[in-house]
1. Check off (1) more than 29 Å from Leu47 (Cβ to Cβ); (2) open to solvent by 60 Å² or more (accessible area, probe 1.4 Å); (3) of a type in the set (D, E, K, R); (4) at pLDDT 75 or above for Arg255 and give me the number that stays unchecked.
2. Hey, could you check segment 143-173 for residues that are open to solvent by 10 Å² or more (accessible area, probe 1.4 Å) and over 19 Å from Val184 (Cα atoms) and say which is modelled with the lowest pLDDT?
3. Since Glu242 meets every condition but one in (1) under 16 Å from Thr330 (Cα atoms); (2) open to solvent by 50 Å² or more (accessible area, probe 1.4 Å); (3) modelled with pLDDT of 85 or more, which condition does it not meet?
4. Tell me which of these Leu181 doesn't satisfy, since it passes every other one: (1) farther than 22 Å from Asp327 by Cα; (2) assigned to a loop (DSSP other than H, G, I, E, B).
5. Given the condition out of contact with any His (no Cβ under 6 Å at 6 or more places or on another chain), free of Cβ contacts under 8 Å to residues at least 60 places away in the same chain, hydroxyl-bearing (Ser, Thr, Tyr) and farther than 20 Å from Arg241 by Cβ, answer yes or no: does some residue in segment 315-333 qualify?
6. So which of Glu287, Glu282 is assigned to a helix (DSSP H, G or I) and modelled with pLDDT under 85?
7. Residues in segment 195-205: is at least one open to solvent by 10 Å² or more (accessible area, probe 1.4 Å), of a type outside the set (Phe, Trp, Tyr), modelled with pLDDT of 80 or more and part of a helix (DSSP H, G or I)?
Amino acid sequence: MTERAIQGERTSCARLADAKARASECAIRYEDLSFSYRAGAPFMEGLSAAIPAGAVTSIVGPNGCGKSTFLKLLTGIERPDSGTIEVGETVRFGYYSQQGLEFDEGKRVIDVVTEIAEQIDLGDGRRMSASQFLQHFLFTPETQYSFVARLSGGERRRLYLCTVLMRNPNFLILDEPTNDLDIVTLGILEEYLRAFKGCVIVVSHDRYFVDKVADHLLVFCGGGEIKDFTGTYSEYVAWKREYEAARHAQEAQARPKPQAVRTQAAETAPRKLSYNEKRELETLEREILALEAEKAALEESLSSGSLGVDELTAQSQRIVELIGLIDEKTMRWLLLSER
């Protein structure tokens, strides 16, 4: 995959309509895909699937399980040890990555985007100038003429997002966009993704963001295990709880009486949860529900429009903390429930 295919090229008018028109041809298929960073320790092995046109897929899983590497394999940045990856001829990637913040510090914000496109065709008879597009993503006219060197970290992320979206992609890959973007920008991104007709892959720990934009999951469980699930993140967690409860009930019914002789299969069975781990699993379920309720209440408060600046800042920071806590506890719950 060439750099041009990933990053696009400058044009006087970036036609988002063209991206939508080409979406019907947009697809990736991978067969028997295997990859490892060192011999004998694959993080994926024999993976086969296809990403259909218009699919909005979210990749979820704990840190270090290979989510970002999988994206690099799809875009050709990394090469698989074995297997094939077929990318549609008309696919043009828009790749928002964690390592993508590379700007000329001496340029003005408006110059960064006009070098990509001076106008954006929205595909329904409407056009936006580069300045209007920046303003849509919360860059005031004054900020647009500021030098990149003066931007905050959050503003740099927003500018980077704009440059990705303006490059006329028909296949968006968003690697952890919820890590650094503020709540208002995430709302604008959600709106954009709902209208986008191409393919989308999102990597995020934010369960609420994933629920709003994706209806299909690739769950990276670690140890090379990847599960395919049709539904939202919340539906997956609910299904997982029901599945584990049914499995535990079935195991309890099939459990031999104490005097029965243990079989060789029983001796080699996977380790069951200890008493303390069972207690932890129950506690995690209660804690996750409480944290989710607190986050929902804060989101309602933030949307009320009645908060002062200090309250707005404090509640926004608390939501970021809650997202991290919910993710951490959910990943631990999933790990324990796998046993």
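1. (4)
2. Asn168
3. (3)
4. Of (1) farther than 22 Å from Asp327 by Cα; (2) assigned to a loop (DSSP other than H, G, I, E, B), only one is false for Leu181: (1).
5. The answer is no; no qualifying residue exists.
6. Working: Glu287 fails: modelled with pLDDT under 85.
The match here is Glu282.
7. Yes, some residue in segment 195-205 is open to solvent by 10 Å² or more (accessible area, probe 1.4 Å), of a type outside the set (Phe, Trp, Tyr), modelled with pLDDT of 80 or more and part of a helix (DSSP H, G or I).
The values are calculated or read from the model by the stated rules, or taken from the named source; none is laboratory data. Nothing here was measured: the structure is a model prediction, and the numbers come from that model. As a convention, Cβ positions derive from the backbone with ideal geometry for all residues, glycine included, and neighbour counts pool all protein chains shown. Note: areas computed on protein heavy atoms with side chains; ligands, DNA, RNA excluded. Shrake-Rupley method; radii C 1.70, N 1.55, O 1.52, S 1.80 Å.
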